[in-house]
Amino acid sequence: MTATSTATATTTPSATPTASVTPTPSVTPTASLTPTPSRTPTASPTAAPVFLPALLYGASPTPTPTPTATATATATATPTATNTRPPTATPTASPTGTPTRPPTITPTPSRTPTATATATRPPDRCVDLIANGGFEGSGGWQINNTVFPARIVAAPVYSGLRALQAGIVLPADNVYSYSSAQQTIFIPAGPPSVALSFQLLATTTGVRAARLTPPAIVPTSPLDRTQLSDDVQMVLLFDSGGQQHVLLFQRQWYGQWQRHVVDLSAFRGQAVTLYFGVFNNGVGGITGMAVDEVAVTYCLP
């Protein structure tokens with residue numbers, strides 16, 4: 001029995017000189033504990049999906065300190081476990097601490113994207129580029145000097161006290177004539193949408209047509225090369241190069257005011273002239289229209 005104990009003791013001294021002479025081998029077990037760094041990669045893949053939403057929403061500063069804090073905590077736990085003597089307790093403490101912290105950190109990034117997304121949305125706002133669109137003042141519009149000029153009237157009106165009347169509304173006034181008003185505006189360049197809107201009250205005693213086919217170039221005075229043959233209500237746009245665009249070309253009767261909307265986004269970055277007019281050929285029926293609440297709305301996103 002004593003000999004057996006002596007044999008066992010002989011093994012122990014072998015380990016003792018190894019511990020005395022080779023502190024490095026003692027560290028070798030510590031190298032065995034080096035798997036703790038190998039847990040750092042494990043923490044990295046876990047952190048990547050956790051912080052991915054934060055990166056997408058621009059909250060990348062929040063994840064940066066978190067990995068640093070995790071690495072520090074792991075290093076602190078490793079030396080403590082080595083001094084405690086049972087290496088087995090070290091792995092147990094490490095995994096227990098590692099999974100516990102990520103769930104605690106997870107709520108922080110998930111709140112960050114929500115706050116960022118809310119703060120990123122700018123308020124919508126629109127600007128009207130038309131001057132005196134309700135015809136309540138005296139500026140903005142040029143009433144063209146024609147045989148039967150357009151005029152500002154107190155009735156009919158859509159809102160306010162005044163509106164624009166173009167064309168002929170009394171049979172006794174029927175004459176070959178153009179009747180119009182126009183305004184030149186600048187539409188800024190950029191991504192926002194641009195739309196022309198106006199209220200229109202159309203009148204005619206001629207043959208009604210919701211849509212007429214305009215000539216290649218619509219005449220706006222008797223001096224133009226081509227002439228119209230029948231009454232028509234029209235809204236035209238002349239771009240910065242002088243090219244004519246037909247926005248409305250009809251001969252209609254409205255029982256009430258109707259709102260028209262036309263997309264002008266294609267003319268961003270240009271000075272354009274809007275033309276509201278009526279042509280009467282002087283025979284048969286008469287045609288006119290009242291216009292109110294004209295606006296060119298330039299909306300920022």
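Results, tabulated for the structure shown:
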| quantity | calculated |
| --- | --- |
| Shape metrics for region 150-289, restricted to C-alpha atoms - Rg then Dmax, Å | 15.3, 50 |
| Ranked list, fewest to most other Cβ atoms within 10 Å of each Cβ, for Leu300, Leu247, Leu196 | Leu300, Leu247, Leu196 |
| Taking the C-alpha atoms of region 153-223, convex hull volume expressed per residue in Å³ | 188 Å³ |
| Mean Cβ count within 10 Å, highest first, over the residues of peptides 228-239, 140-151 | 228-239, 140-151 |
| Calculated FRET efficiency for the pair Asp173/Gln142, C-beta based, R₀ 25 Å, to 0.05 | 0.70 |
| For region 123-186, radius of gyration divided by Kirkwood radius, i.e. Rg to Rh on alpha-carbons | 1.07 |
| Global form of region 206-245, assessed from the alpha-carbon gyration tensor, a/c cut-off 1.5 | oblate |
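Bear in mind these aren't lab numbers, they're just calculated from the coordinates by the rules spelled out. Note that the structure is predicted; figures quoted are calculated from it, not measured. Don't worry about glycine lacking a Cβ; one is built from the backbone with ideal geometry, like all the others, and counts go over all protein chains shown.
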